[in-house]
Amino acid sequence: MKKHFYSIWFKIVLAFFWVIVITCATVGICMHLFMQFNLWRFMSFPLTSVHFIILLALISILFGSLVSMLALHHVLNPIMELSKAMQKVAKGDYSVRLDTSNPHIKDEIHDLRLSFNQMVQELSSTETLHSDFISNVSHEFKTPLAAISGYATLLQDDTLTIEDRNEYINIIIQSTKELSQMSGNVLQLSRLENQTIITEKEPFRVDEQIRRCILRMEPIWSAKSLNIYPELPQITWNGNMELTAHIWNNLLDNAIKFTPQGGEINITACQEGAYLSVIFQDSGPGMPPEIQKHIFDKFYQGDSSHEKKGNGLGLALVHKIITLYKGFIQVESTPDLGSSFKVLLPMESL
């Protein structure tokens, strides 16, 4: 930006320089013609030194003003155009773009135009993301709230059988859990949005944490008769226990969700060089490449039919936490052959 400023300032100074040169040259030529052809005789008043100075000053001012306006218009017009475009952006219009189509202009003004267009594009994308986020949050909250409200109303019916009443209560409890989980994920994502480092690190046993995660979800995977095979040697790792638990909980929940009745899930952990490696492999339906590209996007659900319960926040949260750890997550998936999520987290000195 400093380079751009000095370049623009140089153009303004250069414009004023040429204004002075052209004005002086033009006035000099005019005076020469007056003297050469004795044009003074057509004037109705006698020419004195004072009159000559006044006449010269008037010609210089008029001609200098005209040339200055033309020169400054040429120099400052791109800046005024940029200023007007920025005012539109400030009012919320992200559709404005500056012309950068001239291939012969590659100066600093051209670079500013390119930077401005890129900035507006990013702002537009961010605005769209925020709008989609709010829209999706509203939509996802409405579903469990509608279920809670609807079945709570039905419970007021005194003629309900015990079986129907218990079924409605279970649906309300399940919807409440979904709402609580989604609220927790939204709050956690919002909290991590502007966070750049992981704090409150401490050494802990990763293998034990993953085993506790498996035991905590036993009612869910037992209901589907799933077989879980953990290969978890003793591994001590330095990190934030709460945030790391979110990784394992969401990956296991995702594997359970998409593994069919009677399927199996393999969980392995080991140290690969400077990284802690943890793999969650399921025997679910797998994913085509077009779905794999978006699975870490907020509220994205590959199952458009919504047969699988979810709100598309779990994997987005996993990706955010792993990114804060400066780690990686790799996905390998083939339709009808299951999916594998490999997490690589850097090992740190304890």
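Bear in mind these aren't lab numbers, they're just calculated from the coordinates by the rules spelled out. Computed from a predicted model, the values in this text were never measured in an experiment. Don't worry about glycine lacking a Cβ; one is built from the backbone with ideal geometry, like all the others, and counts go over all protein chains shown.
For the reader, a short list of remarks on this structure follows.
- Among the listed pairs Lys257/Lys320; Lys142/Lys326; Lys224/Lys326; Lys177/Lys320; Lys224/Lys342; Lys257/Lys342, those with a Cα-Cα distance over 28 Å are Lys142/Lys326; Lys224/Lys326.
- The distance linking the stretch 275-290 with the stretch 139-183 is 33 Å (Cα centroid to Cα centroid, whole angstrom).
- For the stretch 236-251, 3J(HN,Hα) per residue [Karplus equation, 6.51 cos²θ - 1.76 cosθ + 1.60, θ = phi - 60°, Hz, x = Gly/Pro]: 9, 9, 9, x, 8, 4, 5, 5, 5, 4, 4, 4, 5, 4, 6, 5
- Which of Lys342, Lys326, Lys320 has the fewest Cβ neighbours within 10 Å, and the rest in rising order: Lys326, Lys342, Lys320
- For peptides 261-268, 89-96, sequence by mean Cβ density within 10 Å, most packed first: 261-268, 89-96
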